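Quick notes on the structure that follows.
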Amino acid sequence: MEKKDLGKILQKDDKKLPRSRDGVLVLELIKTKKYSIAYGELLAKEKNKNHKLASEETYYFLEGEGELIIDGKKTKVKKDVIIIIPPNSEQKLVNTTNNPLKFLMVVSPPYNPDKEKILE
């Protein structure tokens, strides 16, 4: 069994989050053979790059508001919203406020940068 405290992890690493290839501030929390879980954040009014991922993704929004565009269809997101993104879907996330948009990403099979295609 492995246990991690997201609050403590983010307190320690908050200022050091690296940018993913698509532009999200990201911190991988767990990676197994079947899935990965990462914390993501977009700062005020930021958006990530339009991209596709070969894996299925589930986003759980922790804080903030924005829009998730999947294959051209816009969906509003906010705290406690969960969205499932099918594999190979064109996707883009937009923070529509002046506050950070914070979320968790569960990716199955696990995230692999070689299986991500940046479209812009």
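The values are calculated or read from the model by the stated rules, or taken from the named source; none is laboratory data. All values reported here derive from a predicted model rather than from experimental measurement. Here the Cβ positions follow ideal geometry from the backbone for every residue, glycine too, while neighbour counts run over all protein chains shown.
Key figures
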read-out	value
Residues within the stretch 17-39 that are surrounded by 15 or more Cβ atoms within 10 Å (Cβ to Cβ) and within 16 Å of residue 118 (Cβ to Cβ), tallied	5
Long-range neighbours under 6 Å by Cβ, at least six apart or interchain, first residue within 13 Å of residue 56 (Cβ to Cβ) within the stretch 109-120, second assigned to a loop (DSSP other than H, G, I, E, B) and of a type in the set (D, E, K, R)	none
Residue identified as surrounded by fewer than 16 Cβ atoms within 10 Å (Cβ to Cβ) and either within 16 Å of the chain's Cα centre (by Cα) or at pLDDT below 75 (or both) among 5, 14	14
Which listed residue, of 77, 81, is surrounded by 17 or more Cβ atoms within 10 Å (Cβ to Cβ) and not hydroxyl-bearing (Ser, Thr, Tyr)	77
Some residue of the stretch 85-105 being of a type in the set (Val, Ile, Thr) and part of a loop (DSSP other than H, G, I, E, B)	yes
Residue 111 outside any strand (DSSP E or B), touching a strand residue (DSSP E or B) at 6+ places or on another chain (Cβ under 9 Å) and crowded, with 20+ Cβ neighbours inside 10 Å	yes
